[in-house]
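Trainee: Below you'll find the structure I mean.
What follows draws every value from the coordinates through simple rules; no lab data is involved. None of the values given here were measured: they were computed from a predicted structure. Counting neighbours? That spans all protein chains shown, and the Cβs are built from the backbone with ideal geometry, glycine included.
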Amino acid sequence: MASLQDSSAKAALTPTAPRVFRPERAAPSDVVRPTRAEINLGALRHNLRVVQRQAGSARVFGVLKADGYGHGAKAVARTLERAKIDGVCVALLEEAIELREAGIRTPIIVMGGYYGRAWAEVSRYQLTPVIHDRDQIAELAEEVRFGGAESMDIHLKIDTGMARLGIRLPELHSAVQTLAGCPEIRVTGLMTHFACADAGPREAILDQLGLFSEAEATLRQAGHTPSVRHAANSAALFRQPAAALDMVRPGIALFGVAPGLSVETTLRPAMRVRTEVVALRQLRQGQTVGYGATWKAGRASTIATVPLGYADGLSRALSNQGHMLIRGRRAPIVGVVSMDMTMLDVTDIEGVNMRDECVALGAQKGPLGEASITAEEVANHMGSIPWEVLTNVSRRVPRFYREP
Ligand SMILES: *Cc1c(COP(=O)(O)O)cnc(C)c1O
């Protein structure tokens, strides 16, 4: 034991040992467990084409915040960049830097609006910041002057009803005054965000677009010439063609989920979460499963255990509620989902064996049929939305990228 510690301590000191600055996600090469998220790069490219067709002449900037909605922002960005996407958006400066350091050259808009004291990084990494209040304008202008750069292009965010980030219309005149004193700031883009794109009345989108036009007019009168106006997320893009403007910002649609859409889309889910049966047992009638004995066998039952739990992102709300796929059929989750493992009732599924594949999210073709579990289905059990289902898939689940 002592010698093992000695040698690993020595390895950490050798100059060739990599220094780890931040926790990285489990890498495919580290995998022992059969649990993994498979990302279909062909589905991403297909979804990009569907989105581009819908966007018409508007540019498409894919939203890759939160590690590309859990799919792995670097690999997704690389795939979409090769597929000629016009650019990408992220929420955090850190996320943008991660992409640049991975070699992504496509334009990147940082939407979250928080730059701390790291304005210098914004220009060093050639990022487009979204500015959402007057104080930021002055702060950035000073930074640009101080850094010796000539100018910085920004997108200005207008709050037209979301009440989250952005300059509200009554405040716009004072922001315009501040801009007048900051010639090094060039407003090249104008953006807003819809509150009711995927739920609520369509007119709400049009109302917000109306306010957005007013804001644009105010800026143009003051001599600004924003060349890109953008507002639409995935839902607005599909529900309200007028919202596409010059550029669209779809996120979830690229990953194959059509949020709250009644229209038929041909989007393909890009992520599949799969694992394998690691234990099988027979229960007699009356025996129970899992913590708290919340499930009791009403008959002689076959229970399969899979190594996927809430720490992997499988919500505990699926306890005694959700399903997984095995041999192409749906198997109910029984008992409570635990941190690392979940049990399935496979009594009605013939011929289940150790190492059989189980799918918690996505489609499966098996000897007994074909089925799929969508992010919407899982979200319904959680009382949540598909966005949370995708971003919940945790760090310890390695992502495997595959071409179809
Ligand atoms: C997340 C986000 C989007 C993308 O939304 P989807 O519904 O996933 O398409 C677009 N714009 C902003 C400002 C966002 O925060």
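Trainee: Taking amide hydrogens as modeled 1.01 Å from N in the peptide plane, which residues meet the under 5 Å criterion relative to Glu276, leaving out close sequence neighbours?
Mentor: The list, which skips near neighbours in sequence, is Cys358.
Trainee: Right, something else. Using the alpha carbon gyration tensor of segment 40-154, what are the three equivalent-ellipsoid semi-axes (square root of 5 times each eigenvalue), largest first, in whole Å?
Mentor: Details: eigenvalues 159, 41, 28 Å².
Three semi-axes, in Å: 28, 14, 12.
Trainee: In terms of Cα to Cα distance under 17 Å, which lysines are near enough to Lys84, apart from those fewer than 8 places away along the same chain?
Mentor: Within reach: Lys74.
Trainee: Amide H to amide H under 5 Å from Leu190: which residues, 5+ apart in sequence or cross-chain, H placed 1.01 Å off N in plane?
Mentor: Answer set, sorted by chain and number: Leu156, Val228, Arg229, His230.
Trainee: Still on this structure, please answer the following. Among 154-160, 92-98, how do they line up by average Cβ neighbours within 10 Å per residue, starting with the highest? List each step's numbers first, then the result.
Mentor: On the way: 154-160: 24.4, 92-98: 20.0.
Ranked from most to least packed, the peptides come out as 154-160, 92-98.
Trainee: Which aspartates and glutamates have a Cα lying under 13 Å from the Cα of Lys365, excluding residues fewer than 8 positions away in the same chain?
Mentor: Result set, ordered by chain and number: Asp356, Glu357.
Trainee: Two decimals is fine: what's Rg over Rh for segment 185-237, C-alpha atoms, Kirkwood radius as Rh? Walk me through the numbers on the way to the answer.
Mentor: Details: Rg = 12.3 Å, Rh = 11.8 Å.
My calculation of the ratio gives 1.03.
Trainee: Under 5 Å between amide H atoms, partner at least 5 residues away or on a different chain: which partners does Ala363 have, H built in plane at 1.01 Å?
Mentor: Ile373
Trainee: For segment 34-49, in order, what is each residue's ³J(HN,Hα) by Karplus, 6.51 cos²θ - 1.76 cosθ + 1.60 with θ = phi - 60°, in whole Hz (x at glycine and Pro)?
Mentor: Whole-Hz 3J(HN,Hα) from phi for segment 34-49: x, 7, 7, 9, 9, 10, 8, 5, x, 5, 4, 5, 4, 5, 4, 5.
Trainee: Further, regarding this structure: When the scattering of segment 258-387 is computed by the Debye formula from its Cα atoms alone, each counted once and equally, what is log10 I(q)/I(0) at q = 0.11, 0.15 Å⁻¹?
Mentor: For the requested q values the scattering log ratios are -0.38, -0.68.
Trainee: Return the Rg/Rh value of segment 182-308, two decimal places, where both radii are evaluated on C-alpha atoms and Rh is the Kirkwood radius.
Mentor: Ratio value, two decimals: 1.33.
Trainee: Under the rule a/c < 1.5 gives rounded, and otherwise a/b versus b/c splits prolate from oblate, where does segment 85-234 land using the Cα gyration tensor? Provide the component values of the computation, followed by the final result.
Mentor: Working: a/c = 2.04, a/b = 1.23, b/c = 1.66.
Oblate.
Trainee: Separate question: Treating the Cα atoms of the chain as identical point scatterers in vacuum, please give the log10 of the normalised Debye intensity I(q)/I(0) at q = 0.08, 0.10 Å⁻¹, two decimals.
Mentor: The calculated log intensity ratios at q = 0.08, 0.10 Å⁻¹ are -0.53, -0.77.
Trainee: About its Cα centre, what dipole magnitude does segment 108-165 give when the only charges are +1 on Lys and Arg Cβ and -1 on Asp and Glu Cβ, stated in debye to the nearest 20? Walk me through the intermediate numbers first.
Mentor: On the way: 6 positive and 9 negative charges, 28 e Å.
My answer is approximately 140 debye.
Trainee: Just to be sure I understand: of the beta bridges DSSP finds with both ends in the chain, what percent are antiparallel, rounded to 5?
Mentor: So the antiparallel bridges in the chain amount to around 50 percent.
Trainee: Under the rule of -39500 (n - 2.57) per DSSP H run of 4 or more residues, summed and divided by the residues of the chain, what mean residue ellipticity at 222 nm is obtained, to the nearest 500 deg cm²/dmol? Show your work: numbers first, answer last.
Mentor: Numbers: 12 runs with 121 residues, N = 404.
Counting only the DSSP helices, I get -9000 deg cm²/dmol.
Trainee: With no solvent and one point on each alpha carbon, what is the Debye value of log10 I(q)/I(0) for segment 240-308 at q = 0.15, 0.26 Å⁻¹?
Mentor: -0.70, -1.19
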